[in-house]
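Shown next, in structure tokens, is the structure this report addresses.
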Amino acid sequence: MSKRIPTSLRTYLTPDLTWLPLALLILAVIPAMAGWTWPCLVLLVASVCASAATRRKASPARTLLELGGFFGPAVRGLRLAVLLLLGSHVWSNSSITIAIATCGIVMVLASTFTDITVDRLAARLIPEILTRNLNINVATPPLPARLLAQGLALVVAELMLIVVGCLVTDSLVLAWVGAGCAVLALAVLTLATDRVLRSKGNAFRDQVLADVQTSLKNLNPEVALYLGANDPTTVYQLESWLATAEGIEESTIVVVRSVEVFEALGKTSVPVIALVTAKDLLALNLSTLRAGLFVANTGDVIHLVREQNPMSAFIGHGDSDKNSSFNPFTKVYDEVWVAGKAGEDRYTRAQIGIRPDQFVAVGRPQLEAIDVNVLDPHAPGHIPTILYAPTWEGWNQEQEYCSLLAQGVDFVEQVLAHPTTFRLIFKPHPFTGIRNPKARASANKIAGLIRKSNSARGISAVQAAPKRANMATSAREANRLATEGGNDYFAKISPQANLIVQPNDGLGIFQCFEHSDALITDVSSVLSDFLITDRPFAVCNPRSTSAAQFVAEFPSAAGGYVVDRDGSNAGDFLDVIAGNAPDSQQQARRRTRESLLGPATPAATVRFNSAVTALIARANERIAERG
């Protein structure tokens, strides 16, 4: 897509089925202007059918077009306009125009209420409740209910009006009768939609809930891993814990609150259930639960926290010094699980009311997926590889740690121009540019610099990163396949090739860690996780403070080299990676590693599982005390 199109609009302009009704409608204008009845009839009918077929399609374009809820009526209004345009050529009596136009306008206005009825009640037929790895056998929803949920009332009424408008060209009486019947059909079928979806929809939904309840009863889950977000781009927050969840000894389920997150979630052997409405979650009997593990602070956390039997623990989705890592909302949980002492200290410094007895140090069990032995820096012809993984710009200026708004571009220019040949891997955060377009502009500029550098090195194109491992049956297997895929990928490409790794590529941040000699990043969990490799890293200071002040505010940077906002001292870090200067931060880095990630023994997985067992024991004790 053209680079002249603003980045913020490119996602919405990507072709998808949402545009099909409009495309067919635009094509129908040509025969309508020429007075060609049959081609116009076919295209208008096809446009109506396409609207029904794409009604439930989730896409960025539909999200944009549905703002205000006027997309459906607007498209129907345009179809009426095309029909009137054709009629101006084929109707023998101008009074027919009044009949078709009057009934058509009434239908367009009334269709708004039909849309509301369908959208409000269609959810009763699923897909609001979805499951994976649960032994349930849900029947197909009743055919009448399915058709009405797809907007049958609108389809029948529009098709009747279009057929009448195209074929009744001489009789005013037939035009009024036919158009009136279309309006009547819309009214009758809208009422039928309301009645059928309320009765059969509710009955079907109750059946699904009963099947899910039976399956949960057989599973007898004690632990629930919970993500309440509805944006599929946040699915990584949950996916980082899936492999760990698969190792929990007690029966475990994953609970998500959105169909989009459910569909975006990677493979796992743990049972997954999507409960979009609070009504559905509250309708299920979850009395066997003893531990709720929450990966993000979202408003709908209350729907599970309110359950009396399970104890709750906030486990988060990353360990960093960002102020979002010590959110005051965290007080609602029974326990706050941190990786190491540094996690507890940042809450204590913030003075947000977390009691000392709420903290449990569990390490970072996710990091066991990283194979730190992949990289051989002493291999013949090895080119030092630097990973640049900046964070995004944050929801507000207070959380603006993103180096793309400061020294990022300058640092990349220094890397690519350094006398020592480096390989640079650039992996931006998935949210880059959401709040501040300047961050996305800097990312695009860096991508251009990388392509230019590759061209100067005689590399015209770089093989695309591997796709995510779809054949995996579990998160643990997916991690193993991801490491193998990363190894194969780096073995095939030129060691001098600089890389741009997009958020959705199969080359994840852990695979980038495995093949990088060093990291430069911002204040983020990427910094903390990279410590497991015991390799040098630099942290970008986004503020005009001294390095000492920066480390005092963000202690996780203590083991790294601090790059000033203007990037003027980045060369000191590059000299270390090039072997031209000693690694003066090695001992500080190891102290920081233990502070952030906890001791090396026992393993983080052992500590995490022990914390789960202890939380369940606390819950059982509390239940026993209640009698």
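The table below lists the values:
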| item | result |
| --- | --- |
| Label point at Asn580 placed 7 Å out along Cα→Cβ; residues across the stretch 402-434 whose backbone nitrogen lies under 13 Å | 414-422 |
| The chain - mean residue ellipticity at 222 nm from DSSP helices (-39,500 (n - 2.57) per run, n ≥ 4, rounded to 500) | -16000 deg cm²/dmol |
| Cα long-axis angle, helix 37-53 against the chain (0 to 90 degrees, to the nearest 10) | 40 |
| Rough spin-label spacing in nm, given labels placed 7 Å along Cα→Cβ, for Ala52 and Asp572 | 7.0 |
| Assigned charges on the beta-carbon of Lys, Arg, Asp, Glu; the stretch 113-263 dipole about Cα centre (debye) | 640 |
| Value of Rg/Rh across the stretch 485-544 [Cα atoms, Kirkwood radius] | 0.99 |
| Cα-projected label distance for Arg543 with Ile116, points at 7 Å along beta-carbon direction, nm | 5.0 |
| Residues listed by number, the stretch 382-420, amide nitrogen under 17 Å from Thr233 label point at 7 Å toward C-beta | 390-397, 399-405 |
| Length added when fully stretched, Leu284-Ile459, from 0.36 nm per residue minus Cα-Cα | 57.2 nm |
| Spread of Cα-to-Cα distances over 5 Å intervals beginning at zero, given as percent, for the stretch 200-265 | 4, 16, 20, 19, 20, 15, 5, 1, 0 |
| In Å², nearest 10: area of Met160 left accessible to a 1.4 Å probe | 60 |
| Cross-link table Lys341/Lys427; Lys322/Lys492; Lys322/Lys452; Lys427/Lys467; Lys438/Lys467; Lys200/Lys279, entries beyond 27 Å C-alpha to C-alpha | Lys341/Lys427; Lys322/Lys492; Lys322/Lys452; Lys438/Lys467 |
| Protection proxy ranking of 21-29, 109-117 - average other beta-carbon atoms within 10 Å, highest first | 21-29, 109-117 |
| Aspartates and glutamates with Cα under 12 Å of Lys267, excluding same-chain neighbours fewer than 8 positions away | Glu239, Glu246, Glu477 |
| R0 of 45 Å, Cβ-Cβ distance Lys467-Phe329: FRET efficiency to nearest 0.05 | 0.80 |
| Solvent accessible area, Å² - Asp371, 1.4 Å probe, full protein context | 60 |
| Cα→Cβ-extended label distance, 7 Å offset, between Arg618 and Ala491, nm | 4.6 |
| Answer label for Cα extents along the principal axes in Å (calculated), chosen among [x] 80, 69, 45; [y] 83, 55, 39; [z] 94, 73, 42 | [z] |
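The values are calculated or read from the model by the stated rules, or taken from the named source; none is laboratory data. Model, not experiment: these values are computed from the prediction. As a convention, Cβ positions derive from the backbone with ideal geometry for all residues, glycine included, and neighbour counts pool all protein chains shown. When the accessible area is computed, the model is the full protein with side chains, heavy atoms only, and any ligands, DNA or RNA have been set aside. Shrake-Rupley method; radii C 1.70, N 1.55, O 1.52, S 1.80 Å.
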